[in-house]
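The values are calculated or read from the model by the stated rules, or taken from the named source; none is laboratory data. Since this is a predicted model, take the numbers as computed values, not measurements. We place every Cβ from the backbone using ideal geometry, glycine too, and count neighbours over all the protein chains shown.
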Amino acid sequence: MKELPDTQTLLELLQAAKEAEEKAKQLYEMGVEFRQEWEEKLKGRN
């Protein structure tokens, strides 16, 4: 049976996961803003 990594490794993995989550949120928000801008531009063309 495999053993769990030591506490320090688990803390580092947790921190990396938190940073990845924050980056994903930022990218999502950028995508929403981009979509909203283009929707407005395309609506103006009609």
| query | Do you know which residues across segment 1-28 are of a type in the set (A, V, I, L, M, F, W, C) and assigned to a helix (DSSP H, G or I)? | reply | LEU10, LEU11, LEU13, LEU14, ALA16, ALA17, ALA20, ALA24, LEU27
| said: List the residue pairs whose Cβ atoms are under 8 Å apart, where the first residue sits in segment 5-21 and is at pLDDT below 95, the second is part of a helix (DSSP H, G or I) and not aromatic (Phe, Trp, Tyr), and the two are 6 or more positions apart or on different chains. | reply: PRO5/LEU13
